[in-house]
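One structure is given below, encoded as structure tokens.
Readers should treat all values here as calculations from the given coordinates under stated rules, not as data from a laboratory. Bear in mind that the values here come from a model prediction, so they are computed numbers and not experimental data. Cβ sites come from the backbone with ideal geometry, for glycine too, and all protein chains shown count toward neighbours.
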Amino acid sequence: MKRKIIVAGAGHGGLTAAALLAGKGFDVTVFEKGERENLGHDWEDCTVLSSFEFAGIEPPPARLLRPMGPISYFSPSKSVLLRPEDESLSSTIVYIDRKELLAHLIGICEKAGVNFRFGEEVKGPVIKNGRVSGIKTDKGEYDCGLLIDAAGVLSPVRMNLPGEAGICRMPDEKDMLHTFRALYERNGESSSLPQYCAYFYHNGNRGFDWVIDEETHADVLVASFEKINDEIRDSALEDFRKDHKYIGEKLLRGGYYALIPVRRALAKFVWNGYAAIGDSASMIEPLSGSGISQSIEAGRLLADTVAGIEGGEYTEKNLYKYEYEYFRRFMRNQLRDEATRLLMMEAGVKRLDTMFDKRIITGKEMYGGRYTFKDIALKAAGIISSPSVIPLLCRIGIRNMKIPGLYKTLPREYDEKALRKWENKYNRF
Ligand SMILES: Cc1cc2nc3c(=O)[nH]c(=O)nc-3n(C[C@H](O)[C@H](O)[C@H](O)COP(=O)(O)OP(=O)(O)OC[C@H]3O[C@@H](n4cnc5c(N)ncnc54)[C@H](O)[C@@H]3O)c2cc1C
């Protein structure tokens with residue numbers, strides 16, 4: 001029983017941990033509400049192969065991958081387009097079909113001896129004596145020594161944890177990116193715009209949209225920090241079709257709404273008998289909404305922690321190492337990314353336009369590179385001539401200054417009082 005592990009949902013991190021733990025002799029079962037042949041978003045997404053190497057699992061075969069090119073960014077009024085100096089394809093970021101990626105991870109799990117129960121919906125955790133002791137599904141109740149929650153942002157396990165677990169049940173609405181993604185048939189027209197175009201505050205909506213000009217289709221994303229509906233989607237599409245005339249009417253894939261938790265990881269994501277991973281714990285890059293690679297790497301951190309717990313006592317204290325290792329690896333980048341996202345959100349259309357127009361935001365922020373004296377002088381002149389952006393830039397500066405302190409003060413060893421104090425500081429970021 002102590003080596004019995006249940007994974008709720010076939011999320012990427014849960015599958016990675018499942019494969020690694022089954023490989024070490026644990027009895028692992030994944031409960032997934034979807035059917036095997038129908039898992040994963042109905043489109044391609046980008047990720048990095050180094051995550052597979054870090055996790056120690058086989059990367060997807062080359063035939064499933066294609067390289068991604070750099071994105072060009074439009075300011076809200078479209079008066080500025082930031083383009084990379086080098087538009088060649090990336091050697092590290094790859095596109096993969098989400099269904100193929102999940103099939104690949106499930107194949108690895110099965111080889112390692114993981115059991116799957118597809119088509120079985122998890123309803124919530126079973127709580128006994130101050131710990132998670134199993135799950136309830138639409139077909140029954142099952143005991144386990146540890147429940148790994150990989151059921152995504154709307155996980156019914158996390159949302160039904162008792163208050164004493166101290167885990168945030170649902171991220172704030174303001175930290176949710178509401179998306180609509182669809183691949184449309186090309187209609188034979190063309191466009192002189194770059195292949196990958198992203199738009200801030202497209203059509204006045206607080207978020208970012210994109211259009212990608214693929215050989216076989218047009219890939220459209222509408223993404224907002226406020227709820228979106230068919231009217232907002234149609235209006236965004238209409239605007240896109242004016243500039244990207246190749247976007248046809250026929251829907252080829254996708255065509256539905258989905259949520260992304262674009263915030264730093266939850267301050268706490270382990271409890272007695274419980275560990276969350278992936279979107280369920282908000283393990284994502286807050287600016288881009290990418291979470292596949294972080295989830296896969298967290299899978300290895302979790303499996304290492306669990307395998308190192310002698311006697312199978314999966315208490316919050318013993319599982320803390322997983323939380324600690326996760327924060328050490330990802331916290332600084334995630335917080336920097338979140339500070340930038342908050343800047344974009346708080347700026348509003350007018351101030352963001354000013355920052356693009358006055359060269360306060362330039363290609364250097366988007367693509368990296370060394371600042372020259374001229375860059376700095378232009379930026380300083382832009383800031384001085386735009387007093388409305390100064391408070392905003394001060395706020396992002398203060399947030400960024402807090403990051404080293406949060407990183408340094410994270411308790412190395414489990415100490416309940418010190419941890420609750422640290423979580424309060426982290427939550428106020
Ligand atoms: C439009 C869009 C574009 C994105 N683009 C990228 C990108 O380019 N790169 C990137 O890295 N990430 C991207 N993401 C984010 C990415 O989808 C997630 O971060 C990633 O999937 C990690 O989530 P996860 O594996 O934890 O959970 P999910 O992928 O959400 O998987 C959760 C699984 O749990 C199952 N489940 C849910 N509830 C239950 C239940 N009650 N019972 C049983 N099973 C259940 C679901 O069916 C699902 O299989 C994008 C997301 C969206 C919406």
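Points worth noting:
- Computed from Cα positions, the angle between helix 98-112 and the longest principal axis of the chain comes to roughly 20 degrees.
- Computed on the stretch 7-49, with alpha-carbon pairs under 8 angstrom and 6+ residues apart, the relative contact order is 39 percent.
- Taking a Cβ cut-off of under 12 Å around Arg158, the surrounding Lys, Arg, Asp and Glu residues balance to a net charge of 0, with basic ones at +1 and acidic ones at -1.
- The stretch 14-77 and the stretch 319-373 have Cα centres spaced 25 Å apart.
- Measuring nothing but alpha carbons in the chain and taking Rh as the Kirkwood radius, the Rg to Rh ratio lands at 0.98.
- For the stretch 136-174 versus the stretch 291-312, the gap between their alpha-carbon centres in whole angstrom: 18
- Amide H to amide H, with H built 1.01 Å from N, Phe116 comes under 5 Å of Val30, counting only residues 5 or more places away or on other chains.
- For the stretch 89-180: rounded, prolate or oblate by the Cα gyration tensor [a/c cutoff 1.5]: oblate
- Cα-based helix-to-principal-axis angle, 416-427 vs the chain, degrees rounded to 10: 20
- Per-peptide packing, taken as the mean over residues of other Cβ atoms within 10 Å, places 272-281, 144-153 in the sequence 272-281, 144-153 from highest down.
- Lysines with Cα under 18 Å of Lys174, excluding same-chain neighbours fewer than 8 positions away: Lys227
- For the stretch 52-62, backbone phi angles converted through the Karplus equation (6.51, -1.76, 1.60; θ = phi - 60°) give residue-by-residue couplings of 5, 5, 4, 6, x, 10, 5, x, x, x, 4 Hz, Gly and Pro being listed as x.
- Partners of Lys374 within straight-line reach, counting lysines whose Cα lies under 24 Å from its Cα and excluding those fewer than 8 residues away in the same chain: Lys358, Lys364.
- Only Lys, Arg (+1) and Asp, Glu (-1) charged, at Cβ; the chain dipole about Cα centre in debye: 1680
- Non-local lysine pairs in the stretch 31-135, meaning eight or more places apart or on different chains, with alpha-carbon distances under 25 Å, amount to 6.
- Largest first, the three principal axis extents of the alpha carbons in the stretch 334-427 are 49, 28, 20 Å in whole numbers.
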